[in-house]
Amino acid sequence: AELPAEDEAAHQLIEARTRSFDPAKADPTRGIAVFVKNCANCHRVGTEGSLVGPQLDGIGVRGLHRIAED
């Protein structure tokens with residue numbers, strides 16, 4: 001009963017993650033490893049991954065907030 005509504009909890013999580021992201025500290029090598037481990041079973045970027053879920057080509061043009069929301 002004391003927990004925030006689900007939408008509010010999701011909003012707070014998105015805000016926390018976008019505030020903590022520092023593009024200067026982004027590591028493309030680590031990003032590739034995370035994609036291969038967690039995403040590639042369903043999603044594809046370029047020629048990497050599977051075609052079970054939506055393809056993620058062009059995901060970078062969505063913007064940080066939209067990616068976190070998705």
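The values are calculated or read from the model by the stated rules, or taken from the named source; none is laboratory data. Predicted model only: the values in this text are computed from it and were never measured. Using ideal geometry, Cβ is built from the backbone for each residue, glycine included, and neighbour counts are taken over all protein chains shown. Side chains are part of the model used for accessible areas, which takes the heavy atoms of the whole protein and leaves out ligands, DNA and RNA. Shrake-Rupley method; radii C 1.70, N 1.55, O 1.52, S 1.80 Å.
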* Give the angle, between 0 and 90 degrees and rounded to the nearest 10, that separates the Cα long axis of helix 28-38 from the longest principal axis of the Cα atoms of the chain. => 80
* Asked: Rounded to a whole number, what % of the accessible area of the stretch 10-70 do carbon and sulfur atoms account for, probe 1.4 Å?
  -> 56
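Could you tell me whether the stretch 4-44 comes out rounded, prolate or oblate from its Cα gyration tensor? Rule is a ≥ b ≥ c as square roots of the eigenvalues, rounded for a/c under 1.5, then prolate if a/b exceeds b/c, otherwise oblate.
The shape class here is oblate.
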* Structure fact -> Out of 40, 24, 16, a Gaussian network model of the chain with alpha-carbon springs under 10 Å gives the largest mean-square fluctuation to 24
* **Built amide H within the under 5 Å cut-off of residue 48, gap 5+** => none
* **Whole-Hz ³J(HN,Hα) from phi, Karplus 6.51 cos²θ - 1.76 cosθ + 1.60, for the stretch 50-57, glycine and proline x** => 10, 10, 7, x, x, 5, 10, 4
* Asked: Modelled label-to-label distance, residue 38 and residue 68, 7 Å Cα→beta-carbon offset: nm?
  -> 1.4
* **On Cα atoms only, tilt of 6-20 relative to the major axis of the chain in degrees** => 60
* Asked: Taking the Cα centre of the chain as the origin, how large is its charge dipole in debye, to the nearest 20, when only Lys and Arg (+1) and Asp and Glu (-1) carry charge on their Cβ atoms?
  -> 420
